[in-house]
Each structure stands twice: as structure tokens, then as C-alpha cells.
Amino acid sequence: MTYQSDINEVSQLIKSYDGKWDGISAESVARMRAQNRFHTGLDIARYTAKIMREDMAAYDADPGNYTQSLGCWHGFIGQQKMISIKKHFGSTKGRYLYLSGWMVAALRSEFGPLPDQSMHEKTSVPALIEELYTFLKQADARELGGMFREIDAAREAGDKAKEKELLDAVENYETHVVPIIADIDAGFGNAEATYLLAKKMIEAGACALQIENQVSDEKQCGHQDGKVTVPHEDFLAKVRACRYAFLEMGVDDGIVVTRTDSLGAGLTKQIAYSAKEGDLGDQYNAFLDCEEVTADQLDPSDVVIKRDGKLMRPKRLPSNLFQFKPGTGADRCVLDCITSLQHGADLLWIETEKPHVEQIASMVDRIREVIPNAKLVYNNSPSFNWTLNFRQQVFDAWQEAGKDVSSYDRAKLMSVEYDETDLAKEADEKIRTFQRDGSKRAGIFHHLITLPTYHTAALSTDNLAKRYFGEEAMLGYVKNVQREEIRQQIACVKHQNMAGSDMGDDHKEYFAGDAALKAGGKDNTMNQFS
């Protein structure tokens, strides 16, 4: 339906009630419909899944068409990101939101701040998805409301050209609603638990679920130690649970992102079931760190496997976990990724310990020998020291090329004294082009930062507190916050409008006509920012 066709349809509906509905304005109804395009989370999931599939196809055609997102822990944060993107770039195309389990644990749990170990309430995840989309829909309503007011002003002024221009803009309006890639951690339990949570996340609007191959009750942040993976069949049961959830809810093109933590995980809780040599379980077990034993060398609780006709005892730790052979992480990642794609995954996520294009590419090249169109979601993580990592990469490249690096101390390259050096400038350029280079060389379809606003909120709050409670006092706020909001045209400087005050006034007028008591009159102090 278009704006004008909505007006025509509702006009006919009002007339059919023989005067009883004459107090209803057909155009006001059309405006409210335009401001509330998505009625359910499933409407959103179906709409955004289609967008994401189209973007994936565009990337397959040209890896320059990679996509990006920033992590969110509150609906307002997600809303402001999309408002800013539309303001600066005119379109949200290729820009998503990421829902980080780390930030839900740290900022949204009723237990208080928690580490990223799946200890937070699982219901907080779909609740945040719903909240994000509530705020994104409100961004639509607010922006369209302003356009409707301009239409009314153009009509009052008799400016037909301006009115037509605005009506065309309404007809071709681009929503703030974009895909959310949502973190379901390791599934929060068994496959049934994963399925139930996946359904709730999809009902809230998620078109893409990201699930990792760690043990649910041993889950760790991807950039911390002590990670424990599960055999492939256990993981694939949860991948299938996510797909079943999508299909049951009618989101047939929903996206499953499978994350492997194997690069940094040296432990497994289980020995995989294997029916014959060479099957998937046997391939998983082949990476176990084992020692050859005879039957009379076994302790009562020992577990053994047969490898090449020999009895092998996997190394078991006091924690009852089994250890993988050192140096096998990359090989296990490749097997994880190929297996996931062969069993229903759409996108891959390889968690790494540093941002290094060639390290990622070395694994993706092997995956693509089997699955040519394999694509990654990659975590451009704040857990990496980007400055130090890239300066050391440049240092190592220069040293290997025979370039003189005697004026640099590799261990201290983070120091401010190096900021204006040629090495630092080259490193910064590599950081700037990391996403472009990673997408072209290493198959990265989507780049995200998991925790950006966790860090920006801390930094901006620290600076405000230092100034406001120091000698600058109120000037510390006015100069560095409000004055910049006004000059950079940040919509939130009119915080009453952002919170929905003007939309409420519109509705009051629809409902009560001239009797409406509106907040946006001449005495509203927000007029100071017009």
C-alpha cells in the first residue's frame, strides 16, 4: 500500500459507516499506518532476512559490497546509530545492528554486571531485540511525523511543488529498520533450549542468529582463556534447532551464523561418537592429544580410543576435560567451518586472537577449496589492541624486508612517541583499510564491532565528569555536549521531540481536534533549538 492508496481505501471505509466515522480523518489514519509499518517482530524478521540475503548475493558478485554493524545494548543506542547513518549517508543499505551477548551480560542482567559466560537471563536477549526494533520504529514515526508537518505547512502556504516533493518522499521513505545479527551464545542449554530461545528471538524480529561451538555450561568470552568446544554432531543439533525455529515461524530465508572458537580452544568436554574411521566423530577425535597405552597400563577411570589399530589414551585434566594437540586450532577451525556449511549454516564466524588479514585468509582459502562461496562474519573486537597489533605487523614486515627498524622498540610501539612516525602512519592506514582488505582477501561479508558503545559511553562519561565536577562546571556540559549537539545538528538536542512529544501532539489533534491540549506550543523551551 502507498500513502495515497491508504487515504483512498480508508476514505471509502469511513463512508461505508454512514456518518458514524466522520470524525475520523482518512489521511490521519494513512499517516499512522505509515508510521507503524511493521506490526509484529515476524514482519520485521521476514523483511530483514530478504535484505540480508540480497546483500549476501551482492557480496558474492563483488566482495567490495561488504556490510557492517555496531553492537547495541539499548534500543536508544541502536536508534541513534541508524538516525546518524541516514543523516550522514542518506541510506542504511549495508548497515546493520549487532546484538552482543557480552553486552547483555555486562549491562542488562538482573544479577548485575556479569562476564560473558551465559549466566544472564536468556529472556533478556529477545527482550533486547524487541526493544531495539521498538526504538527503530519510533525513529520512523518521528521522522515521518516531521515530514507530515512540513506537508501541512506547504499546503497552508499554497506551495504545490513543495507538497508534491514531500509526498513523493513519503511514498519512497526508507525505514530505519535494518537486520539485527543476534547472539544466542552457545544455545543456553541443550538443543531443545536452543530451539525455544531461537523462536523467541525470531518472534522479536531477529533474522540472523549467531551460535558458537562451545559447551553451554562452560561458555567463555571468545577472547578469554579456558574455552571448551563440543563435537560437531552436538553443535549441528543446535544449528538444526535454529533452522527449525526459523521454518516454524515462517521465516524461510532466516540466516544462521555458526561461530567456531576452536582457534583459541584447547579443550573438549566429550570424546565424539565415531562409528567408523574417517567419519565426523573420528575426525574430531583425531585432534585429541593422546598417548599410546596397553591394557595393563590403564587406570580404572581411563577412557581410550583406537587409532591406527593402537589403544590411545586421551590426556584428561583434573577438570575432567580432554586436551587437544597443540597447534591444531586452525585445522579444527577449517573442519568446523566446512562441516557447518555442509549442514545448513549460511555464514561463518572465526574467532581470532588478533586482527590479521592473512591469518584469516589462510583458513578461508582452505574452506573455499570445498565451499567456494563461504563467507564470514568477523568480529572487529575491542578486545584487540588494534594500535599495537598493526604497528607490530608493520614492524615485522619492515624487518623481514630488510628495512631499518632500529629506532623502534617493538614491545613499546603503543607509546605516544611513535604516533607521528612513518611506521605508525602505515599502521593506521592498514587499520583504515582492514575491513575492505579483509572482505576482498579473506571472504569477510560482514564486519562488526561487538562493544563500541560500551567503550564510547565510558569515555564520554569520563570526560564529562572530569569537566563538570572540575573547574569548568556547567561550561563543561554546555561547551562539549550541548553546543556540539546544536552545531552538529544532533536530533537529541530536542530531547522532548526524540522521546515522542510531537507525535503525541499529533495524536491528540487527531483524537480531539481543536480541543487538544498540546505540549509543543510557544512556551515549550525546545523552541530555543529551532
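No lab work stands behind these numbers, since they all come straight from the coordinates. A quick note: this is a predicted structure, and the numbers were derived from the prediction, not measured. Positions of Cβ are backbone-derived with ideal geometry, glycine not excepted, and every protein chain shown enters the neighbour counts.
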Practice problem: Calculate, for Glu429 and Tyr244, the FRET efficiency according to 1/(1 + (r/R0)^6) with r their C-beta to C-beta distance and R0 60 Å; round to the nearest 0.05. | Solution: 0.85
Exercise. Find out how many positive minus negative residues lie around Met56, taking Lys and Arg as positive, Asp and Glu as negative, among other residues whose Cβ is under 13 Å from that of Met56.
Key: -3
Quiz item: Once both labels are modelled 7 Å past Cα along the beta-carbon direction, what's the Asp289-Thr2 spacing in nm?
Solution: 6.8 nm
Quiz prompt | Cross-link pairs Lys81/Lys219; Lys227/Lys440; Lys494/Lys518; Lys50/Lys199; Lys403/Lys440 - those with Cα-Cα distance over 20 Å | solution = Lys81/Lys219; Lys227/Lys440; Lys403/Lys440
Exercise. On each of the three principal axes of the Cα atoms of the stretch 164-309, give max minus min coordinate, whole Å, ordered largest first.
Key: 89, 31, 24
Practice problem: Work from the charge dipole of the chain (Cβ charges, +1 for Lys and Arg, -1 for Asp and Glu, about the Cα centre) and give the residue of Val364, Thr260, Ala512 farthest towards its positive end. | Solution: Ala512
Practice problem: Compute the signed sum of charges (Lys and Arg +1, Asp and Glu -1) over the other residues within less than 15 Å, Cβ to Cβ, of Ala519. | Solution: +1
Practice problem: Over the alpha-carbon set of the chain, work out the extent along each principal axis and list the three values in angstrom, largest first. | Solution: 95, 63, 46
Exercise. For the stretch 256-323, report the translational diffusion coefficient in µm²/s to the nearest whole number, using Stokes-Einstein at 25 °C, 0.890 mPa s, and a Kirkwood Rh over Cα pairs.
Key: 186 µm²/s
Practice problem: Could you tell me, in Å, what Rg and Dmax come out for the Cα atoms of the stretch 425-530? | Solution: 21.7, 65
Exercise. Provide the net charge surrounding Ala191, with neighbours chosen by a C-beta distance below 11 Å and charges set as Lys +1, Arg +1, Asp -1, Glu -1.
Key: -1
Quiz item: So between Thr461 and Asp422, what do we pick up on full extension, going 0.36 nm a residue minus the alpha carbon distance?
Solution: 10.7 nm
Quiz item: In nm, what is the difference between 0.36 nm times the number of residues separating Asp404 and Glu369 and their Cα-Cα distance?
Solution: 8.7 nm
Quiz item: Looking at Leu280, Tyr195, Ser340, which one has the Cα that reaches farthest to the positive end of the dipole of the chain (charges on Cβ: Lys, Arg +1; Asp, Glu -1)?
Solution: Tyr195
Quiz item: Add -39500 (n - 2.57) for each DSSP H run of 4 or more in the chain, then divide by its residues: what number comes out at 222 nm, to the nearest 500 deg cm²/dmol?
Solution: -15000 deg cm²/dmol
Self-check item: Length released on extending from Glu353 to Asn172, taking residue separation times 0.36 nm less the Cα-Cα span
Solution: 60.8 nm
Quiz item: Using 7 Å Cα-to-Cβ label points, what is the Phe529/Glu165 separation (nm, one decimal)?
Solution: 2.5 nm
Practice problem: Using only Cα atoms, locate the centre of the stretch 403-435 and the centre of the stretch 48-124, then give the distance between them in Å, rounded to an integer. | Solution: 31 Å
Quiz item: Quick one: putting +1 on the C-beta of Lys and Arg, -1 on the C-beta of Asp and Glu, what dipole do you get for the chain around its Cα centre, in Debye to the nearest 20?
Solution: 380 debye
Quiz item: Hey, what do the phi angles of the stretch 480-490 turn into as Karplus ³J(HN,Hα) couplings, whole Hz, using 6.51/-1.76/1.60 and θ = phi - 60°, x for Gly and Pro?
Solution: 9, 10, 5, 4, 6, 4, 5, 6, 8, 6, 7
Quiz item: How big is the Kirkwood radius of the stretch 470-510, worked out from every pair of different alpha carbons and given in Å to one decimal?
Solution: 11.9 Å
Quiz item: Got a sec? Charge dipole of the chain, +1 on Cβ for Lys and Arg, -1 for Asp and Glu; which of Asn480, Leu236, Gly23 is way out at the positive end?
Solution: Gly23
Exercise. Could you grab the relative contact order for the chain? Cα pairs under 8 Å, six or more apart, rounded to a whole percent.
Key: 14 percent
Quiz item: Counting other Cβ atoms within 10 Å of each Cβ, which GluC sites (Glu not before Pro) in the stretch 1-60 have at most 11 and sit in a DSSP loop?
Solution: none
Exercise. Rounded to whole Hz and in sequence order, give me ³J(HN,Hα) for the stretch 312-324 from the Karplus expression 6.51 cos²θ - 1.76 cosθ + 1.60, θ = phi - 60°, writing x for Gly and Pro.
Key: 10, 9, x, 6, 10, 8, x, 6, 6, 9, 9, 9, 7
Quiz item: Which of the peptides 232-238, 426-432 is most tightly packed, and how do the rest follow, going by the mean number of other Cβ atoms within 10 Å of each residue?
Solution: 232-238, 426-432
Quiz item: Hey, what's the Cα Rg ratio for the stretch 61-217 versus the globular rule of thumb, 2.2 N^0.38 Å?
Solution: 1.29
Quiz prompt | Separation in nanometres of the label points that stand 7 Å from Cα toward Cβ, at Lys315 and Ser383 | solution = 2.3 nm
Practice problem: Would you work out the relative contact order for the stretch 187-287, in percent, from Cα pairs under 8 angstrom that are 6 or more residues apart? | Solution: 33 percent
Quiz item: With +1 on each Lys and Arg Cβ and -1 on each Asp and Glu Cβ, how big is the dipole of the stretch 470-510 about its Cα centre, in debye rounded to the nearest 20?
Solution: 120 debye
Quiz item: Can you work out the FRET efficiency for the pair Arg487 and Glu192, with r the C-beta to C-beta distance and R0 = 35 Å, to the nearest 0.05?
Solution: 0.05
